[in-house]
Amino acid sequence: MSAWDAGAVVLIGVPGAGCSSVAQALGAVTGLTVRDLGAVVAQSLGKSEASALVTVGEERYRQVESCCALDLLGQAAGAVTALGSGCLADAEVRAALERAQDEGTRTVLLTATTRRLATRNGLDAPRSVALGNVHHAFTQMLHARQELCRRSAGAEAVVVDTTSTTPAQAAALAAQQLGSVRSDPCRVW
């Protein structure tokens, strides 16, 4: 049993910041169970992760996502949970995350530059003019989600910029920062 077994870590970040892949890597480093909201939502909908949002529509996806996020936050102990950012639009999810933080769950906020996020989301290729200004719409969404993430992260959040890191490197940075805070004898974990 590792020293991390009693802990709970939640990763939040905009699309492309690396919540899912960094959560997997952090789980490997810490020995904690990994839970990925996107995978749980897709499974609940009976769809693949890649197509779940598109096939069921945004409204239905976000409803299921909020319910699944609340469930995951309720069972966060002993796990690394990749939440992402879409669920943070729900006030109930934000309140549950805040309660979890008050109870000792640590939050890792993953960030990256807009250019890197656009590339990771496949928006670095030429687009048809019929699609409109996709990059502008993506940037608008990013700014809104980044603000939600910043507000939801909490004062003690660990912030890791994934712009130039692999998931393993980002996980190592997060683990190092989480470990240094957790080893503080005055901090209740």
Those residues of segment 79-96 which are in contact (Cβ under 8 Å) with a residue 60 or more places away in the chain, closer than 20 Å to residue 7 by Cα and either open to solvent by 10 Å² or more (accessible area, probe 1.4 Å) or of a type outside the set (Gly, Ala, Ser) (or both) amount to 80, 81, 83, 84
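Does residue 76 count as open to solvent by 50 Å² or more (accessible area, probe 1.4 Å), under 21 Å from residue 156 (Cα atoms), in a loop (DSSP other than H, G, I, E, B) and at pLDDT below 95?
On the way: open to solvent by 50 Å² or more (accessible area, probe 1.4 Å): no; under 21 Å from residue 156 (Cα atoms): yes; in a loop (DSSP other than H, G, I, E, B): yes; at pLDDT below 95: yes.
Criteria not met by residue 76.
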Per the filter on segment 26-47, residues open to solvent by less than 60 Å² (accessible area, probe 1.4 Å) and polar (S, T, N, Q) are 30
Taking segment 57-100 and keeping residues closer than 21 Å to residue 26 by Cα and touching a Cys at 6+ places or on another chain (Cβ under 6 Å) leaves 69, 82, 84, 85
All conditions in (1) more than 10 Å from the chain's Cα centre (by Cα); (2) part of a helix (DSSP H, G or I); (3) small (Gly, Ala, Ser); (4) crowded, with 18+ Cβ neighbours inside 10 Å are true of residue 23 except (1)
Exactly one of 106, 62, 99 is exposed (fewer than 15 other Cβ atoms within 10 Å of the Cβ), closer than 18 Å to residue 152 by Cβ and not polar (S, T, N, Q), and that one is 99
Scanning segment 79-91 for residues that are part of a helix (DSSP H, G or I) and touching an Asp or Glu at 6+ places or on another chain (Cβ under 7 Å), the one modelled with the highest pLDDT turns out to be 87
By residue number, the members of segment 92-108 that are farther than 13 Å from residue 82 by Cα and part of a helix (DSSP H, G or I) are 92, 93, 94, 95, 96, 98, 99, 100, 101, 102
Among 123, 117, 53, the single one that is surrounded by 15 or more Cβ atoms within 10 Å (Cβ to Cβ) and in contact (Cβ under 8 Å) with a residue 24 or more places away in the chain is 117
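The values are calculated or read from the model by the stated rules, or taken from the named source; none is laboratory data. Owing to the predicted nature of the structure, the values given are computational and were not obtained by experimental measurement. Quick reminder, even Gly has a Cβ in these numbers, built from the backbone with ideal geometry, and neighbours come from all protein chains shown. SASA here: full protein model, heavy atoms, side chains in, ligands and nucleic acids out. Shrake-Rupley method; radii C 1.70, N 1.55, O 1.52, S 1.80 Å.
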